[in-house]
Structures are given as C-alpha cells and as structure tokens.
Amino acid sequence: FNYSPAINKAIKEIEITVSQNDALFERAQKTIPGGVNSPVRAFRQVGGTPRFVTRAQGPYFWDADNKQYIDLIMSWGPMIVGHANPEVVEAVKKAAETSFSYGAPTEGEIELAERICQLMPSIEQVRMVSSGTEATMSALRLARGYTGRDLIIKFEGCYHGHADSLLVKAGSGLLTFADSTQNAPSSGGVPQDLVKHTLVLPYNDVAAIEEVFKKQGDQIAAVILEPIAGNMNLITPVPGFLECLRAQCTQHGAVLIFDEVMTGFRVALGGAQGLCGIKPDLTTLGKIVGGGMPVGAFGGKRAIMEKLAPLGPVYQAGTLSGNPVAMAAGLKTLELICAQPDFYKQLSDRTRVLTEGLTHAAHKAGIALTTNQVGGMFGYFFNDEPTITNYAEVMRSDTTRFKQFFHGMLQAGVYLAPSAFEAGFISAAHSEEDLANTTEIAEKILNKK
C-alpha cells in the first residue's frame, strides 16, 4: 500500500508504542501455561508484563523492545563471569561441533567431576544430572537408601526444587503462589500421605533441631537445607545453627545434605561449606557447574555414593546427564574463576557496594530497608528488623513497597528479581559504573515514595 508520508509516520509511531513484550506474552499464554516455563517469570507477584529477552552480553540484557537493562539476577546465579563470556562461548562452540549428545561417557564428565572434588573436599564422588531439582531428589533417595529410613527434615522457606517430598513450606516461587500450612503440601498434586515423611522446622532454630532429634533421631534419614538460604531472599545462618545440624546428624546417623545449587561457587570457591568450615555428607550443585547450561550434580562421601547404581541398589539415571556441551561450559566457567586469585574478593566487594548503596538510599528517603550480602549474592527487605534470620521475619516485609520499587527500577532499566522472596546476583562483568548507576536510580525511585 502506498500511504502518504503523514500516515506512514503515524503508523511508525504506533508501532513504537506497542510493546513487543506484551505481544509475546499474549501469544505465549495460548500455548504455554501462564505464558511462562517457570512460575516466577510471570510477574504475578509484582504485576505487569514479563520481559522477553532477545540477547545478553556481560552484565546486560535487551528485551523484545530492544530496551537495555542492568541484569541483577544473571539467570538466577550461574552467569558469574557475565553473559555470553567469549571464552565460555568458544568452549561451547568447540564441544557442539562434535555433536550435542552421545548417551555415552566422555572425558569432559571426568574433568568436571575431578574439578568439583578438588574444590569441594567433602565431595569424594559426584554424579552429574540435568537440573537442581533432579540433584536434590536423587540425593534424598540416596540418603533414604543408605540409611534405610524414610523421614527427612527441611526448613521453612528453603526451596530444593519441585520434587514432591520437598514441596512443603517451600521458598522461591512457592512463596509467591502458595498459601501453605505446616501439615499441608505447598503445591497441588502432592499426596498428603507423602508429605507425612517430611518434617518442616524454622530456619536458624537450634532448639527445634535438638528437640526433633531427641524424639525422632532414629527415624531421620536426612536433613536438607540451603546453608545460606537464597529462596526466601537471602538469609544467612546464625552462629551455632549449622554446627548443631552437623553434630545431631553425626550422633543419630542421619545424612546432612547441603543444597548448594545456588551457593556452590557463587559465594566462595568452596561454596557455603567452605565459608562455614562444616562438611556435609552430601552436596547438591547446579547453576555455575553448568556455566548456565542445564546441569545439576550431587556428590559426597564415597561410602554413600557407592550405594548408587550400577554399584548399589539406589537407582538413578539420565539420558542427558553429563551432556558434553554443558560439561564444556561448566569447566570453562570454573577455569576462569580459578584463574583469578582475588575473584571472590572483588565480587564480594562490588556486591557490598551495591547493598550499602541501597541501604543509604532507603534510609535517606526515610524508608526501612534491611540488606544482606555474601559473595556475589545479595538480598534486600523492606523491613525494619535490623537483621532477617527466618521465614516469619521475611513474611513481615512490605511487599507493596517492594512492588513499587521493582517497577520503578524496571522502568529505569534495572532488572531485579520479580519477587520479594528471591535473592539477587552480581557477576564479575558488573562494573563500578553499573553499580553506581543502579544505586543512583534506586535513590531517585525511593525518594518518589
């Protein structure tokens, strides 16, 4: 059609104002439940339209409207060396050139296993899987098979994937979508009969741990927890909490499982266990060990791991486990981290700059804000508690204030987790200028009230 210049100009202006994110979200909802493949992406807690990412580089991504954002979730943690790091991309390309999958062993699996065992001394053997959920599910089955017991203990607000046994008072997206009670599943489709094998305790409650082990210690197969919780925002363990768990599990023959899917190689080279100096019996990993590819892993004491098939009676398998392309991405990411002796110090220092900047901006605006930071992870709560130590305190945060802040930052080009119950992440690619810009934007948003 041959329109006049004036009409063509008007059409162009209309096209610019119509968001491609809106169009994609409307299209997605026709064929994908809720329009997303993981619930928190739907923006249900904060409202509005999810951003559909078209590309990412370093600390930034661009959405379908070609708007640039400073990314402060970094794919929920794994992009610790930045998006599309050239060396990781090259490693992936090289691996992909020889095929994407074999269904047979490769040397890359051995190399990544060796590196993990070297960096985390509690892990003597490790099994590769394809997701964090698969890792925690398999670790629990292994713990039950090893001990011959059924009962597991988890903690309020800790999320360990969507395996049935673990969907009780769980964190992450479930805090957004579920109204759970102590004795009920946090998700539909989970049998009540299965949930009876899961005890839920308050995070950081030493007295509760001692009481449960006193009464039921001989029935407990495993205790699973995030040693630094990142799925009810960021919560650190109080002194004595992890030490109590280690002592009680040792005394009563239960398996202590550290879920380090999020914290492994994110908070320190040896993970959270390296920071606290406590060795779990089993560890679950993900995120960074795949360099952002779909990878999980679980490992620990040889005596426990040897109960896995084909050596033992506990069955676990996966066609894509140890995928060669994913192994290459994980190996290169760990190589880049290990090549810089001060990698985690620099990462921690920059993350602290961000949290201190957010705290200063909020207090300057007369708004209550509590922040937390470990390594490249950070959390912030619109809450007047001086420190946040458990699920109950997290749930007293001002979610209305959070929504306002989230959308103000999003509009200004800073992408935060679209939920008040998720931790944030910094990468080595974030510059001092990126963080200064973020805190400057935050100050403007908070002063709008």
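The values are calculated or read from the model by the stated rules, or taken from the named source; none is laboratory data. Note that the structure is a prediction, hence the values are computed from the model and not measured. Cβ: placed from backbone, ideal geometry, glycine included. Neighbour counts: every protein chain shown. For accessibility, only protein heavy atoms count, side chains too; no ligands or nucleic acids. Shrake-Rupley method; radii C 1.70, N 1.55, O 1.52, S 1.80 Å.
At a glance:
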| read-out | value |
| --- | --- |
| The chain - percent of accessible surface contributed by carbon and sulfur, probe 1.4 Å | 52 |
| Choice from Lys332, Lys307, Lys215 with maximal GNM fluctuation in the chain (Cα, 10 Å cutoff) | Lys215 |
| With at most 14 other Cβ atoms within 10 Å, longest stretch of the chain clear of loop chymotrypsin sites (Phe, Trp or Tyr not before Pro) (DSSP) | 103-314 |
| For segment 69-141 and segment 279-353, distance of Cα centres in Å | 6 |
| Volume per residue that the Cα convex hull of segment 227-304 spans, once the total is divided by residue count, Å³ | 98 |
| For the chain, accessible area per residue (1.4 Å probe, heavy atoms of protein chains only), Å² | 44 |
| Additional length obtainable on full extension of the chain from Glu124 to Glu107, 0.36 nm per residue less Cα span | 4.3 nm |
| Cα-centred dipole magnitude for the chain, charges only on beta-carbon of K, R (+1) and D, E (-1), debye, nearest 20 | 560 |
| For segment 222-356: span of alpha carbons on each principal axis (Å, largest first) | 49, 41, 27 |
| D_trans [Stokes-Einstein, Kirkwood Rh over alpha-carbon pairs] for segment 23-174, 37 °C, 0.692 mPa s, µm² s⁻¹ | 171 |
| Fully extended contour minus Cα-Cα distance, from Asp150 to Arg27, at 0.36 nm per residue | 39.8 nm |
| Summed residue charge, Cβ within 14 Å of Glu107's Cβ, Lys/Arg positive, Asp/Glu negative | -1 |
| Inverse mean reciprocal Cα-Cα distance (Kirkwood Rh) of segment 288-356, Å | 14.8 |
| Links that overshoot a 31 Å alpha carbon limit, given the list Lys332/Lys444; Lys94/Lys287; Lys196/Lys307 | Lys332/Lys444 |
| The chain: angle of helix 324-338 to the longest principal axis, Cα-based, in degrees nearest 10 | 90 |
| ³J(HN,Hα) computed for each position of segment 369-374 - Karplus, 6.51 cos²θ - 1.76 cosθ + 1.60, integer Hz, glycine/proline x | 8, 10, 10, 8, 7, 9 |
| Contour excess over end-to-end distance, with Cα ends at Val36 and Ala368 and 0.36 nm allotted per residue | 116.2 nm |
| Reduced Cα scattering model of segment 44-107, Debye log10 I(q)/I(0), q = 0.12, 0.20, 0.24, 0.28 Å⁻¹ | -0.46, -0.90, -1.05, -1.18 |
| Volume per residue of the C-alpha convex hull in segment 357-449, rounded to whole Å³ | 93 |
| Derived scalar couplings ³J(HN,Hα) [segment 433-448; Karplus, 6.51 cos²θ - 1.76 cosθ + 1.60; whole Hz; x for Gly, Pro] | 5, 4, 6, 5, 5, 4, 5, 5, 5, 4, 4, 5, 5, 5, 6, 6 |
| Normalised convex hull volume, segment 219-266, alpha-carbon set, Å³ per residue | 85 |
| With 10 Å bins from 0: P(r) over segment 307-398, alpha-carbon pairs, percent | 14, 25, 20, 23, 15, 3, 0 |
| Computed Kirkwood radius, in angstrom, where 1/r is averaged over Cα pairs of the chain | 22.9 |
